[in-house]
1. Within the chain, what percent of beta bridges assigned by DSSP are antiparallel, to the nearest 5?
2. If you average 1/r over every pair of different alpha-carbon atoms in the chain and take one over that average, what Kirkwood value in Å do you get?
3. Ratio of Rg to Rh for region 235-376, alpha carbon only, Kirkwood?
4. Taking the alpha-carbon distance from LYS281 and a cut-off under 15 Å, which aspartates and glutamates remain once sequence neighbours fewer than 8 residues away in the same chain are dropped?
5. What residue among GLY51, GLY310, GLY87 shows peak mean-square fluctuation when the chain is described by a Gaussian network model with Cα springs under 10 Å?
6. Quick check: with the 1.4 Å probe, what order do THR167, THR5 take by accessible area, largest first?
7. How about region 151-229: which trypsin sites (Lys or Arg not before Pro) there are in a DSSP loop, with at most 13 other Cβ atoms within 10 Å of their Cβ?
8. Sum up the charges of everything whose Cβ sits under 11 Å from the Cβ of ALA52, counting Lys and Arg as +1 and Asp and Glu as -1, but leave ALA52 out.
Amino acid sequence: MLMETLDYNELAVPGVRRLEPYTPGKPIDELEREYGVTDSIKLASNENPLGASPLALEAVRGAAEDLWLYPDANGYHLKAALAARHGVDPACITLGNGSNDVLVFLAQAFLRPGLKAVFSQYCFAVYPIATRMVGAEASVAPALPADHPMALGHDLRALYERVDPDTRIVFLANPNNPTGTWLPGERVRDFLASLPGHVICVVDEAYTEYAESDELGDASTWLERFPNLVVTRTFSKAYGLAGLRVGYALSNPGVADLLNRVRPAFNVNSLALAAAEAALKDQAFIDESRRMNAAGLVQLRDGLAALGVGVVPSAANFVLARFDRSGAELNEALLQRGIIVRPVGNYGLDDYLRITVGTERQNQRLLGALGEILGS
Ligand SMILES: *Cc1c(COP(=O)(O)O)cnc(C)c1O
């Protein structure tokens, strides 16, 4: 049989047939190859503009000596450090190759065709992918309207109304990506208290280190009270380790036991384990990252306002900016100037761009380029 006559889509499982792949930020190298530009900047993937924690880099160099050995499949040392940090037992922790990994484990462990996951419109793109890949149904709650003070944010009432006997997971991001919006911790606690016992609630705190107020709370401190709570965290954002891929879930040990059954044996590599453990100790780096981010958020918000561009409220390290024209076109004009941001048409946000907070100079360059493009 000729290979071309094979209909691979027919062979694939139904969930995978309909899957839309994740759209990543454009790598700098790709931009420079395709556009022949140099000195480019990337404000597209919510990476830390300060780079990685120096303590983490040092740990990676040390761990490189042992690259020929398999990593510790149970991540003993990193789990011990995380357990101490969060005041939980190591048995509550599931390590992931990025927190993306643990989101997939959750879908594999708790979803199947006939069951549902509930999440919000404009939520993180990985929730629908993880849900659909295992053949489960995505039940999407409308987001708060664009004229709401928390524009495009999660609407807890709308999410609650979608929960039914077939629902097994609710995904919440606090703060959310791509909007940057947040939920007061108190409201999330009330929501958790209202959920029936057959529903796992995943509170994704990928950006929590950047939140400037205590208003969001720390969901990891609610684990004892809510046996159906799963909190996910990552080293990709404030800790500056996106390239190493390491994140984790905190949950009841019963949930962690299930997640660890589907987890590939050596999913977190030895460099990532060492770097994450060291990064946890680098509070000075996190403090500096937060300080720079807070200043950058103000710089971007004010600079965009001066151009007549509004932003959605953000407690993260990016802003979602609303334009009076197509985000895809603006993105193209920025790429030609060596600046990578994130168009969000794939989220149904055609007139928006998501812009990661960079260094002061990078933010200035972005604002200057946008001023040029919007003025012409
Ligand atoms: C970036 C991000 C993650 C983390 O992804 P990693 O796989 O840990 O790099 C998780 N959730 C949200 C909402 C994010 O934006």
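1. In the chain, approximately 50 percent of DSSP beta bridges are antiparallel ones.
2. Its Kirkwood hydrodynamic radius stands at 21.6 Å.
3. 1.08
4. Once the sequence-local aspartates and glutamates are set aside, what remains near LYS281 is GLU58, GLU209.
5. GLY87
6. THR5, THR167
7. Of the trypsin sites (Lys or Arg not before Pro), the ones in loops of region 151-229 whose Cβ has at most 13 other Cβ atoms within 10 Å are ARG225.
8. Net local charge, ALA52 excluded: -3.
The values are calculated or read from the model by the stated rules, or taken from the named source; none is laboratory data. This one's a predicted model, so the numbers in the text were calculated from it and none came from an experiment. Ideal geometry is used to build each Cβ from the backbone, glycine not excepted, and the neighbour counts take in all protein chains shown. To get the accessible areas, we keep the full protein, side chains included, count just its heavy atoms, and leave off ligands, DNA and RNA. Shrake-Rupley method; radii C 1.70, N 1.55, O 1.52, S 1.80 Å.
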